[in-house]
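Peer 1: Mind having a look at this structure? Questions to follow.
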Amino acid sequence: MNLNRYSLLVKRQTRPADPLPPCRRRELVGGNEAMAIPMACAIEMIHTMSLIHDDLPCMDNDDLRRGKPTNHKAFGEDTAVLAGDALISLAFEHVAAKTRNVDPHRVLQAIVELGLAVGSEGLVAGQINRRLMQMREKVSLEELEYIHVHKTSKLLEAAVVCGAIIGGGDGIEVERLRKFARCIGLLFQVVDDILDVTKSSEELGKTAGKDLASDKATYPRLMGLERAKEFAGELAAKAVEELRHFDALRVVPLYHLADYIASRQN
Amino acid sequence: MAFSTVIMSSPHAYIPKTASSPTIRRRVRCSSASVSTQFDLRTYWTALIKEIDQKLDDAVPVLYPQRIYEAMRYSLLAKGAKRAPPVMCVAACELFGGDRAAAFPTACALEMVHAASLVHDDLPCMDDSQSRRGQPSNHTVFGVDMAILAGDALFPLGFRHIVTNTPTNLVPESRLLRVITEIARAVGSTGMAAGQFLDLDDGTPNAVDFVQEKKFGEMGRCSAVCGGLLGGASDGEIQRLRNYGQAVGILYQLVDDILEAKTETDNKKGKSYVSVYGVEKAMEVAEDLRAQAKKELDGLEKYGDKVLPLYHFVDYAVDRGFNVGEQFI
């Protein structure tokens with residue numbers, strides 16, 4: 001379907017980096033990149049699906065995404081809903097059918113993780129709470145964190161954890177990487193909030209200033225811009241702390257990923 | 001002919017095939033001898049509905065945030081659901097000597113993805129349906145955004161459910177991966193989503209055939225194949241189930257369309273085979289499909305009586321000889 005490809009292939013600068021985490025996780029725990037590619041693609045499909053559905057008129061009603069008109073603007077609402085649905089299934093199909101040289105048991109475990117990240121305990125929960133919070137006057141920091149953990153962190157966590165599982169990581173290694181991912185996931189969102197306050201639409205590639213205009217709860221709004229920047233620094237440090245337990249050379253890509261997320265400009 | 005009885009009667013009437021008993025006598029064709037065997041599909045099916053409903057209820061407890069779970073449960077546990085995919089899945093599994101405990105998680109997953117696609121199909125931007133399975137459609141109760149998210153949550157839950165609940169001593173893990181692949185394909189861009197996409201388009205008559213195959217054939221095909229995979233069927237046997245399932249899936253919807261064409265309601269959705277080709281032709285096609293489906297089962301005669309549930313299911317799809325649960329079109 002063209003509409004799937006349209007959304008999948010429009011990349012903003014950060015996107016190519018994101019499919020890497022699973023691969024790197026794999027290599028980190030002893031696997032090779034080829035084993036992780038189907039999972040990496042699946043994560044990207046899920047992420048794209050969530051963006052397509054989030055942008056719909058009945059949800060966030062966005063006109064612009066990744067520098068181009070949103071999927072429903074280009075193809076219509078009905079097609080956008082179906083494209084998202086097709087992408088969810090394709091993600092699971094892709095992992096189940098295309099993962100090679102990995103014990104089926106591990107592939108199945110990874111599928112469970114993916115399912116948790118996408119559904120009512122992951123992305124969906126985050127989006128629901130975000131919509132509920134939008135209707136309220138005051139949102140606490142805990143509630144804001146819940147939203148961001150579920151909307152952003154969970155998928156990144158799945159990427160990292162699935163990579164580790166497929167790569168052959170043991171329970172302890174997988175949990176360390178889970179913590180790493182949770183930190184950089186939240187970090188990603190905190191930085192996003194900061195950028196929305198400080199940058200223009202063109203630089204961002206999506207509609208800027210929307211948060212401020214819509215009175216949405218954000219980290220700068222709740223804790224002040226300076227404190228939000230400090231918090232971002234703390235998250236980055238925590239993330240890196242988990243990487244200390246792995247081989248110094250192998251961990252370099254993840255280290256740079258954390259650094260990139262912390263210091264990106266769009 | 002049984003088929004004309006279906007056309008003439010009200011779709012909600014109980015149509016007794018024999019004097020008073022709901023059991024149906026059928027001659028089961030075997031390669032060497034004809035055997036007359038009774039099989040009580042209604043009891044089999046009703047018992048299965050009860051079990052599936054219980055398992056689905058357990059599978060989706062209300063957690064935080066409550067509203068999404070309520071929306072998911074609302075559609076998944078609708079009283080009007082006939083649970084046809086689970087029937088095909090469990091029957092296909094048991095046909096090859098499989099334990100139904102192996103099939104139940106997949107049967108539930110089939111219902112989850114089926115419910116998800118129905119919730120999305122009913123959306124205002126799609127078919128814009130006000131009701132489904134005898135109750136208001138999901139988005140009219142929970143809102144469009146919640147309905148979209150409920151569907152988005154039910155899809156992955158199905159896959160998770162299969163993995164976390166299928167006993168691995170009953171089903172090899174490599175088979176489970178094939179089951180997941182099968183369901184994902186059935187639902188996605190080459191399957192049901194494709195069907196719905198074309199259904200929304202103002203298609204040519206040819207598109208109707210494709211729509212029927214994709215929207216309804218896929219679910220039937222998928223259910224039967226998954227059951228076979230779980231029961232240990234060979235590749236050749238899986239192919240028979242594939243053909244059987246597709247024929248029955250399309251057949252089922254065709255008969256629904258024929259019955260609906262006979263009601264006075266304006267509630268005719270999309271383009272149906274009947275609206276494009278007329279009732280006569282639709283009836284012919286239905287009989288062809290009945291024959292096709294049974295032909296596939298004839299190739300499985302070595303399994304003897306175990307083929308009966310699937311066999312009788314074909315006849316039910318055409319004749320609708322009894323009420324299952326609450327009947328809604």
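The values are calculated or read from the model by the stated rules, or taken from the named source; none is laboratory data. Just so it is clear, the model here is predicted, and its values are computed rather than measured. Heads up, the Cβs are rebuilt from the backbone with ideal geometry, glycines too, and the neighbour counts pull from every protein chain shown. Accessible surface is based on the protein model in full, side chains and every heavy atom, while ligands, DNA and RNA are left aside. Shrake-Rupley method; radii C 1.70, N 1.55, O 1.52, S 1.80 Å.
Peer 1: Which FRET efficiency value, to the nearest 0.05, is calculated for B:GLN130 and B:ALA101 with the Förster distance at 30 angstrom and r the Cβ-Cβ distance? Walk me through the intermediate numbers first.
Peer 2: Values: r = 39 Å, r/R0 = 1.29.
For R0 = 30 Å, the calculated efficiency reads 0.20.
Peer 1: Continuing with this model, one more query. Only four residue types carry charge here, +1 at the Cβ of Lys and Arg and -1 at the Cβ of Asp and Glu. Report the dipole size of the range A:127-180 about the Cα centre in Debye, rounded to the nearest 20.
Peer 2: Here the size comes out at about 280 debye.
Peer 1: Using +1 on the beta carbon of Lys and Arg, -1 on that of Asp and Glu, and nothing else charged, what's the dipole of the range B:32-319 about the Cα centre, debye to 20? The partial results should precede the final answer.
Peer 2: Working: 30 positive and 40 negative charges, 126 e Å.
Using Cβ point charges on Lys, Arg, Asp and Glu, the range B:32-319 gives about 600 debye.
Peer 1: Continuing with this model, one more query. Efficiency by 1/(1 + (r/R0)^6): what FRET value for B:THR43 and B:GLN66, r their Cβ-Cβ distance, R0 = 25 Å, to the nearest 0.05?
Peer 2: Numbers: r = 37 Å, r/R0 = 1.47.
E(calc), rounded to 0.05, equals 0.10.
Peer 1: Tell me, what is the FRET efficiency for A:THR198 and A:ALA248 to the nearest 0.05, using R0 = 41 angstrom and their Cβ-Cβ distance as r?
Peer 2: Working: r = 34 Å, r/R0 = 0.83.
Efficiency, rounded to the nearest 0.05: 0.75.
Peer 1: For a test of the definition: using alpha carbon positions, the gyration tensor, and the 1.5 limit on a/c, classify the range B:32-319 as rounded, prolate or oblate.
Peer 2: Numbers: a/c = 1.71, a/b = 1.10, b/c = 1.55.
Oblate, because a/c is 1.5 or more while a/b does not exceed b/c.
Peer 1: Step through the table entries B:LYS50/B:LYS262; B:LYS82/B:LYS262; A:LYS154/B:LYS55; A:LYS68/A:LYS229; A:LYS151/A:LYS216; A:LYS154/A:LYS238, compare each Cα-Cα distance with 19 Å, and write down the pairs that go over it. Don't skip to the answer; put the middle values down first.
Peer 2: Details: B:LYS50/B:LYS262 31 Å; B:LYS82/B:LYS262 21 Å; A:LYS154/B:LYS55 27 Å; A:LYS68/A:LYS229 29 Å; A:LYS151/A:LYS216 15 Å; A:LYS154/A:LYS238 17 Å.
Where the Cα-Cα span goes over 19 Å, the pairs concerned are B:LYS50/B:LYS262; B:LYS82/B:LYS262; A:LYS154/B:LYS55; A:LYS68/A:LYS229.
Peer 1: On average, how much accessible surface per residue is there in the range B:32-319, in Å², for a 1.4 Å probe, leaving out ligands, DNA and RNA?
Peer 2: Dividing the accessible area of the range B:32-319 by its residue count gives 36 Å².
Peer 1: Excluding B:PHE159 itself, calculate the net charge of residues whose Cβ lies under 12 Å from the Cβ of B:PHE159, where each Lys or Arg counts +1 and each Asp or Glu counts -1. Let's see the in-between values first.
Peer 2: Details: positive: B:ARG160; negative: A:GLU93, A:GLU113, B:GLU182.
Charge balance in the 12 Å sphere: -2.
Peer 1: Let me ask something else. Taking every residue in A:54-60, how many Cβ atoms of other protein chains lie within 10 Å of its Cβ, on average?
Peer 2: Numbers: counts 3, 0, 5, 3, 10, 4, 1.
The per-residue average across the peptide is 4.
Peer 1: Sticking with this structure for a sec: Sorted by mean Cβ packing within 10 Å, highest first, what order do the peptides A:33-41, B:163-171 take?
Peer 2: Numbers: A:33-41: 21.8, B:163-171: 16.8.
Sorting A:33-41, B:163-171 by mean packing, highest first, produces A:33-41, B:163-171.
Peer 1: Test of understanding: extend the Cα→C-beta vector of A:LYS179 to 7 Å, then name every residue of the range A:233-266 with backbone N under 16 Å from that spot.
Peer 2: A:234-247
Peer 1: What nm value, rounded to one decimal, do you get for the distance between B:VAL141 and B:LYS79 when each label is placed 7 Å out toward the C-beta?
Peer 2: Reported label-point gap for B:VAL141 and B:LYS79 is 1.2 nm.
Peer 1: Under the 0.36 nm per residue contour assumption, what length would be gained going from the current alpha-carbon distance of B:GLU301 and B:ALA261 to full extension? Numbers along the way, then the final one.
Peer 2: Working: separation 40, 0.36 × 40 = 14.40 nm, distance 3.63 nm.
The span from B:GLU301 to B:ALA261 would gain 10.8 nm if fully extended.
Peer 1: Starting from the Cα gyration tensor of the range A:120-179, take the square roots of the eigenvalues, sort them a ≥ b ≥ c, and report rounded, prolate or oblate (rounded when a/c is under 1.5, otherwise prolate if a/b is larger than b/c, else oblate).
Peer 2: On the way: a/c = 4.92, a/b = 2.76, b/c = 1.78.
Verdict is prolate for the range A:120-179.
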